[in-house]
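Here the structure comes first, spelled out in structure tokens, and everything after it is commentary.
The values are calculated or read from the model by the stated rules, or taken from the named source; none is laboratory data. Note that this is a predicted model, so its numbers are computed, not measured. Glycine also receives a Cβ, built like all others from the backbone with ideal geometry; neighbour counts cover every protein chain displayed. For the accessible areas, the whole protein counts, side chains as well, though only heavy atoms, and no ligand, DNA or RNA atoms are used. Shrake-Rupley method; radii C 1.70, N 1.55, O 1.52, S 1.80 Å.
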Amino acid sequence: MSAGADRLAPERLAPERLAPERLANVHQHIAAAARSAGRDPATVTLVAVSKTHGADMVREMLQAGQRVFGENRVQEAEEKFPALKAEYPDLELHLIGPLQTNKARDAVALFDVIQSVDRERIAGALAKEMERLGRRPACYIQVNTGEEPQKAGVLPADLDAFVIACRDTHRLPVVGLMCIPPVDEEPALHFALLVKMAARNGLARISMGMSADYEMAVKLGATHVRVGSALFGARPPFTAPSPETHA
Ligand SMILES: *Cc1c(COP(=O)(O)O)cnc(C)c1O
């Protein structure tokens, strides 16, 4: 398999372009991809991934009409979103990053959708907090389709049993599946696998596709695409603690 050579590279607009233009551009690509696959574009939800970007940039997207956002860290979302949710009551916030059990209560309190349920301990912790808080965010199960040791997600072979445990033992509102394909592999194979696993388990929602490959994800059946840099521009690079620099 070629190392991502066939991956679709949607044209991107420079970060300094206005939020409404960037948003319209991504919507146009989603719509074109949906139509080319005989799908109604309205069946695809754009999740705007705002991690590392400030509340001001999220507000620009809200003013441009975007309402669904994704964050990968509970604490970062807590710093930005309570005020924005108060301003825009129809804002829908998705957790798309790994969740620790000690953050389960905060996650249930803040997020409307949790896309990263991937183990019994977290399923149990979420169930307990949902009961306590009387709030039931919709849950997706994250699948490690590439079976990468360092990556979160339940292994494909364990998925069906885990879906049953989440539904029957923990009584979680499980509605879909999510995956993040390995960076160096053709994503289409992973997308096709996720679609098959969702159908087999009677799950209607499928979260797959990011800036580099969301059109392909839409063609293959994504109901939710998670797009960050194509909407908000490049994220600041991760900076490790650096040694003293000498001028
Ligand atoms: C950051 C992130 C995205 C968005 O990635 P882009 O390539 O910037 O579109 C999507 N999904 C997850 C889980 C992420 O952490």
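Annotations for the structure displayed:
- Here is the figure for the range 131-155: residues that are part of a loop (DSSP other than H, G, I, E, B), under 20 Å from A199 (Cβ atoms) and either among the aliphatic types (A, V, I, L, M) or open to solvent by 30 Å² or more (accessible area, probe 1.4 Å) (or both) total 1.
- Within the range 144-185, being in contact (Cβ under 8 Å) with a residue 40 or more places away in the chain and touching a His at 6+ places or on another chain (Cβ under 9 Å) holds for T145, G146, G176, M178.
The rows are residues; the columns are (1) modelled with pLDDT of 95 or more; (2) under 24 Å from R22 (Cβ atoms); (3) among the hydroxyl-bearing types (S, T, Y).
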position	(1), (2), (3)
M130	yes, no, no
R135	yes, no, no
D160	yes, no, no
S211	yes, yes, yes
E215	yes, yes, no
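- Every residue from the range 156-183 that is open to solvent by 60 Å² or more (accessible area, probe 1.4 Å) and either within 15 Å of the ligand (Cβ to nearest atom) or closer than 21 Å to G221 by Cβ (or both): V183
- Candidates A42, A123 - the one that is open to solvent by less than 20 Å² (accessible area, probe 1.4 Å) and out of contact with any Lys or Arg (no Cβ under 7 Å at 6 or more places or on another chain): A123
- Residues of the range 223-241 that are near the ligand (Cβ under 10 Å from one of its atoms) and open to solvent by 40 Å² or more (accessible area, probe 1.4 Å): A234, R235.
- If the condition is being open to solvent by 10 Å² or more (accessible area, probe 1.4 Å), under 10 Å from L177 (Cα atoms) and within 16 Å of the ligand (Cβ to nearest atom), then the range 194-222 contributes R205, I206.
- Close contacts from the range 102-123, counting a first residue that is closer than 15 Å to N144 by Cα and within 16 Å of the ligand (Cβ to nearest atom) and a second that is in a helix (DSSP H, G or I) and not aromatic (F, W, Y), with Cβ to Cβ under 8 Å and a gap of 6+ residues or different chains, come to V117/A123; V117/L126; V117/C166.
- Candidate set from the range 58-75 (those that are part of a helix (DSSP H, G or I) and open to solvent by less than 50 Å² (accessible area, probe 1.4 Å)); member that is nearest to R235 (Cα to Cα): V58
- The range 79-106, residues that are in contact with a Leu (Cβ under 6 Å, 6 or more places away or on another chain) and either open to solvent by 50 Å² or more (accessible area, probe 1.4 Å) or closer than 18 Å to A125 by Cβ (or both): A104
- The range 162-217, subset assigned to a strand (DSSP E or B) and of a type in the set (G, A, S), residue nearest to the chain's Cα centre (by Cα): S207
- Of all residues in the range 234-245, none are more than 17 Å from V44 (Cβ to Cβ), out of contact with any helix residue (DSSP H, G or I) (no Cβ under 8 Å at 6 or more places or on another chain), among the β-branched types (V, I, T) and at pLDDT 95 or above.
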